[in-house]
Amino acid sequence: MKGKWNIDADHLMSRIETLAGFSDAPKPAVTRVLYTEQDLAARTWIKALFDSSGMTVTEDALGNTFARLEGDDPEAPAVATGSHIDAIPHSGRYDGTVGVLGAIEAVRAIQAAGLRLRRAIEIVLFTAEEPTRYGIGCLGSRAMSGILTPDMIRALRDEDDGTVEDARLRCGFTGPLESVRLERGQYHGFIELHIEQGPRLETTGTMIGNVTAIAAPATLHVTVSGEGGHAGAVLMRERHDALVAGAELAQAVEAAARQSGASDTVATVGIFDIHPRAVNSIPDRVSLTVDVRDIDGQRRDDTADRIRAAATDIGARRGVSIEVSTLNTDPPATCGPVVRDAIAQAAAELGHSCTDLVSRAYHDTLFMAEICPVGMIFVPCRRGVSHRPDEYSSPGQIKAGVEVLASTLVKLASQ
Ligand code: HGY
Ligand code: MN
Ligand code: MN
């Protein structure tokens, strides 16, 4: 049944544009990093939207923000939805924001329809889905799941050696870190609306993606230490050049992923820092971060092992020391029937084409899966582009996603 909901797509798109304005990058790019002024200004703006929706708003010790629309049965675990509003440097305006602003619009449509629901609906604005500031993704949901403990949070540092503690308290997010963790069963189910960040929906002409599984990342930190020296004086046969060793390792990262034999295995060197970075000095130290992902945890770990073995071989051959430390190896998540069936029924009732697919990006849903049954609704994005300023999803596509989200929330909140 098409057009069941009265979704104001124009208003939603204008809100996405307003949110994109809270940025440390010139338009059309967006940069919005955890606990920065722009992040806090954006949060304040979102909380005002929550307030004007008549929802009660709470925040936890990391800044995860919860907006609650009460149901008829206060004993029944709520249905949760939400996403993130932080944005990696020089990226787009739809990643995460569609799931937060879309949830607000879905709840508004549900209220406008005058529906009484058994279960409360909670919209969650997760703190720091992106790894930008502290090097680890999904900081807020990872802490909610208990996988990231308070002591592990206290050990995190940003590139200025700043701590989460100092930053969160300065932003007014007080309270013990121990209070962030949510018990299993806290929610009846969690659904995240998100752009696909891949080309599948667009190339198949499908409006809605019903996510089956979420690939999980492992993050390796690599430090290569060589001898450095004068670029003119040290002969080639005497060199222990950290950069060239690091470059060879970067190629080994690509080879390690290709060797898995599965297209679901991906590996990326996203950060490559050089020291002392002087035109006439042989680099004596480089540091790299390696992001390895797969929907199959064992295959991903085997790929990481191949990378470690390559580091040992390169280090021995080139006479440099290579240290590989593991920051995180997260379990992939499976989206269960409780939420997935509701998404499929909602899309069918609304007349939107729908297909099952894997999420190659990770999301807060990955960690919410430790707390309750989860699912994700994907909408197409142009040429699958994301984490770039030209990221785009159309008003019609986002509207369809919000309609399916509204119907899915009603189904789950009525159970
Ligand atoms: O990297 C990711 O998959 C997510 O966009 N943070
Ligand atoms: Mn992202
Ligand atoms: Mn995202």
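Rounded if a/c is under 1.5, else prolate if a/b is larger than b/c, else oblate: which is the range 271-415, with a ≥ b ≥ c the root eigenvalues of its Cα gyration tensor? In terms of gyration-tensor shape, prolate. If you take all other residues with their beta carbon under 11 Å from the beta carbon of Leu139, and give Lys and Arg +1 and Asp and Glu -1, the sum is -1. Computed from phi, the 3J(HN,Hα) profile of the range 334-345 under the Karplus parametrisation 6.51, -1.76, 1.60 (θ = phi - 60°) reads 10, 8, x, x, 3, 8, 4, 5, 5, 5, 4, 5 Hz, with x in place of Gly and Pro. Straight-line cross-link partners of Lys411 among the aspartates and glutamates, defined as a Cα under 14 Å from its Cα and at least 8 positions apart when in the same chain: Asp341, Glu349, Glu403. With the convex hull of the Cα atoms taken as the outline of the range 216-329, the averaged projected area works out to 6.7 nm². Charge tally around Ala218: other residues with Cβ under 15 Å, Lys/Arg +1 each, Asp/Glu -1 each, net -1. Radius of gyration over Kirkwood radius for the range 221-272, both on Cα atoms: the Rg/Rh ratio is 1.14. Projecting the Cα positions of Thr355, Ile371, Gly54 onto the charge dipole of the chain (unit charges on Cβ atoms of Lys, Arg, Asp and Glu, taken about the Cα centre) puts Thr355 furthest along the positive direction. Placing +1 on each Lys and Arg Cβ and -1 on each Asp and Glu Cβ, with no other charges, gives the range 216-329 a dipole about its Cα centre of roughly 220 debye. Relative contact order of the range 216-329: 44 percent, from C-alpha pairs under 8 Å at least 6 residues apart in sequence. The ellipsoid that matches the Cα gyration tensor of the chain has semi-axes, each √(5λ) in whole angstrom, of 41, 23, 20, with the longest given first. What the range 178-270 shows is 46 Å² of accessible area per residue, with the surface traced by a 1.4 Å probe over protein heavy atoms.
Summing Cβ point charges (Lys, Arg +1; Asp, Glu -1) relative to the Cα centre of the chain gives a dipole of roughly 700 debye.
Ranked by the mean number of other Cβ atoms within 10 Å of their residues, highest first, the peptides 116-124, 406-414 fall in the order 406-414, 116-124. Sorting 355-361, 270-276 by average packing, meaning the other beta carbons within 10 Å per residue, from highest down gives 355-361, 270-276. Projecting the Cα positions of Ile322, Gly226, Ala267 onto the charge dipole of the range 216-329 (unit charges on Cβ atoms of Lys, Arg, Asp and Glu, taken about the Cα centre) puts Gly226 furthest along the positive direction.
Summary of packing: across the peptides 302-314, 140-152, 91-103, the per-residue average of other C-beta atoms within 10 Å ranks them, highest first, as 91-103, 140-152, 302-314. Restricting the GluC sites (Glu not before Pro) of the range 184-225 to loop positions (DSSP other than H, G, I, E, B) with no more than 15 neighbouring Cβ atoms within 10 Å leaves nothing. Extension gain for the segment Met13 to Arg317, taken as residue separation times 0.36 nm less the Cα-Cα distance, is 103.9 nm to one decimal. Summing Cβ point charges (Lys, Arg +1; Asp, Glu -1) relative to the Cα centre of the range 130-274 gives a dipole of roughly 320 debye. For the range 62-112, the set of GluC sites (Glu not before Pro) satisfying both a DSSP loop assignment and a count of at most 10 other C-beta atoms within 10 Å is given as Glu75.
Measure off, as a whole percent, the carbon and sulfur share of the 1.4 Å-probe accessible area of the chain, all protein chains present. Using a 1.4 Å probe with all protein chains present, the chain comes out at 51 percent carbon and sulfur.
The values are calculated or read from the model by the stated rules, or taken from the named source; none is laboratory data. Predicted, not measured: the structure shown is a model, and the values here were computed from it. When we count neighbours, we look across all protein chains shown, and the Cβ atoms used for this are built from the backbone with ideal geometry, even at glycine. Quick note on the areas: whole protein, heavy atoms, side chains included, nothing else; ligands and nucleic acids left out. Shrake-Rupley method; radii C 1.70, N 1.55, O 1.52, S 1.80 Å.
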